[in-house]
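Have a look at the structure below, then the notes.
Quick note: the coordinates plus some simple rules give every number you see, no bench work behind them. The shown structure was predicted, so the numbers you read here are calculated from the model rather than taken from an experiment. Please note: Cβ atoms are built from the backbone with ideal geometry, for glycine as well, and neighbour counts cover all protein chains shown.
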């Protein structure tokens, strides 16, 4: 009986905590172009729902007065989001068809947000995109087989300018989201422009960079080693592909320094998460990790994995994010860095960089790259 009373009291406390840990948030439309038919919906996509452009939990409903509204509760925090009509080709844009920056919202208490939308992207002809990849970027294959996932993927490679004439071997950086690394033509939200940055690096400090395209709708599950509300995690299969299929291929066909000390894995957001995981699981393969704006929020078990590992004092992790990405981004990243240092990493091998006012986008990661690369090549 005592146990039952205790449980009931605890349940009431927990429910009260959850209730007061949330604040009432109302979204309603102001000036907004009409939808294209009764079958269309209006959605919010942001860092609160994995940037899902058609999440039914974040669908606005007609208010009976020609507008739309969504009443919900949200934890206090920093949020970035956009308005869509159910897909990214139907996202909001400027009145002239230009992309708009993410909306930013800081919630400290009950609030109402009025959504004014200038235009929809699909009302304009797609902007002509141009290839921007430099001469040092090549496509290894458009259909490189990933046997662990039973899928195929495009693989990019950046080779130093003196690669052909030099007898040197080079360090290698493996990176995710290959579409967004080198070429604006293939990028979804702009490119990192890593090739332009690397073209400025002196020949003595050059390296090879391998980019692996993400899997589109499969991106979240491929970059997540754990199951989530978005599906069964396939991150184990993906990092096994990198370690046991792709890296051996690169080492055979290119002049690489194949040891872990000279092999790095890097990426942003979900790519930051899977880079962290790959280094923990295959420390003998990946000796360094570039962990940009990691999405640790989706995979809490990764903290337990880090605590279970004895981190070599030679393994290195570079943590970086902006302080305007989300409420928990900085704290989540600092938590992981503290665990890594506590499990054996030298402080200089796990630096944490926080960029003031930086958001979650390719522009930030482009700006972060030079400092990361200088640290990596020390």
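Full-extension gain between residue 185 and residue 108, please, as 0.36 nm times their residue separation minus the C-alpha to C-alpha distance. Kindly include the intermediate steps, with their values, before the conclusion.
Values: separation 77, 0.36 × 77 = 27.72 nm, distance 3.93 nm.
Result: 23.8 nm gained on full extension.
When the Cα atoms of the stretch 23-123 are enclosed in a convex hull and the volume is divided per residue, what value in Å³ results? Present the calculation step by step, with values, prior to reporting the outcome.
Working: hull volume 9.3 nm³, N = 101.
Expressed per residue, the convex hull around the Cα atoms of the stretch 23-123 is 92 Å³.
Counting DSSP beta bridges in the chain, what percent are antiparallel, to the nearest 5? Intermediate results must be reported in sequence, preceding the final value.
Working: 36 of 64 bridges.
Around 55 percent antiparallel, to the nearest 5.
Would you please give the FRET efficiency between residue 71 and residue 200, computed as 1/(1 + (r/R0)^6) with r the Cβ-Cβ distance and R0 = 56 Å, to the nearest 0.05? Don't skip to the answer; put the middle values down first.
Details: r = 51 Å, r/R0 = 0.91.
That pair, residue 71 with residue 200, gives E of 0.65.
How far is helix 2-20 tilted off the main Cα axis of the chain, in degrees rounded to 10, range 0 to 90?
With both axes taken from Cα atoms, the answer is about 90 degrees.
If the convex hull of the alpha-carbon atoms of the stretch 193-287 is projected onto planes in all directions, what is the mean projected area in square nanometres? Could you put the intermediate results ahead of the total?
Values: hull surface 26.8 nm².
Here the figure is 6.7 nm², rounded to one decimal.
Over the Cα atoms of the stretch 137-273, what radius of gyration and what Dmax do you get, in Å?
Both quantities, over Cα of the stretch 137-273: 14.9, 50 Å.
Given the Cα-Cα distance of residue 129 and residue 36 and 0.36 nm per residue of separation, how much length would full extension add, in nm?
Fully extending the segment from residue 129 to residue 36 adds 30.9 nm.
Which of the peptides 27-39, 80-92 is most tightly packed, and how do the rest follow, going by the mean number of other Cβ atoms within 10 Å of each residue?
Values: 27-39: 12.7, 80-92: 19.2.
In decreasing order of mean packing, 27-39, 80-92 become 80-92, 27-39.
For residue 338 paired with residue 22, estimate the spin-label separation in nm (one decimal), with each label point 7 Å from Cα along the Cα-to-Cβ line.
Those two pseudo-labels are separated by 2.8 nm.
Relative contact order, percent, of the stretch 137-376 when contacts are C-alpha pairs under 8 Å separated by at least 6 residues?
Values: 472 pairs, mean separation 39.0, N = 240.
Once divided by the residue count of the stretch 137-376, the mean separation gives 16 percent.
Working from Cα positions, state the angle (0 to 90°, nearest 10) between the long axis of helix 270-281 and the longest principal axis of the chain.
The answer is roughly 50 degrees.
Under a GNM of the chain (C-alpha, springs under 10 Å), which listed residue has the highest mean-square fluctuation: 102, 65, 313?
65
What is the order of 277, 189, 226, 79, fewest Cβ neighbours within 10 Å to most?
On the way: 277 27, 189 12, 226 17, 79 20.
Least to most surrounded, the residues fall as 189, 226, 79, 277.
So how tilted is helix 362-376 from the main axis of the chain? Cα-based, degrees 0 to 90, rounded to 10.
Between the helix axis and the principal axis of the chain, the angle is about 40 degrees.
Please list, in order, the residues from the stretch 193-224 whose amide nitrogen is less than 20 Å from a point placed 7 Å along the Cα→Cβ vector of residue 255.
198-211, by backbone N distance to the label point.
For a protection proxy built on the mean count of beta-carbon atoms within 10 angstrom, sort 46-54, 122-130, 289-297 highest first, please. Display every interim value, and only then the final one.
Details: 46-54: 18.3, 122-130: 10.0, 289-297: 24.9.
Descending mean neighbour count gives 289-297, 46-54, 122-130.
Counting only C-alpha contacts under 8 Å and six or more residues apart, can you give the relative contact order of the stretch 170-236 as a whole percent? Display every interim value, and only then the final one.
Details: 94 pairs, mean separation 20.4, N = 67.
For the stretch 170-236, the relative contact order is 30 percent.
Per residue, what volume in Å³ does the Cα convex hull of the stretch 309-378 take up? Before the final figure, lay out the partial values.
On the way: hull volume 5.8 nm³, N = 70.
Normalising the Cα hull of the stretch 309-378 by residue number yields 83 Å³.
Equivalent-ellipsoid semi-axes (√(5λ), Cα gyration tensor) for the stretch 253-378, whole Å, largest first? Mind dumping the intermediate values first?
Numbers: eigenvalues 92, 63, 32 Å².
Value: 21, 18, 13 Å, ordered largest first.
Based on the Cβ-Cβ distance from residue 245 to residue 139, what FRET efficiency comes out when R0 is 25 Å, to the nearest 0.05?
Details: r = 18 Å, r/R0 = 0.70.
Efficiency at R0 = 25 Å is approximately 0.90.
Based on a Kirkwood Rh over C-alpha pairs, give the Stokes-Einstein translational diffusion coefficient of the chain at 4 °C and viscosity 1.567 mPa s in µm²/s.
Translational diffusion coefficient: 58 µm²/s.
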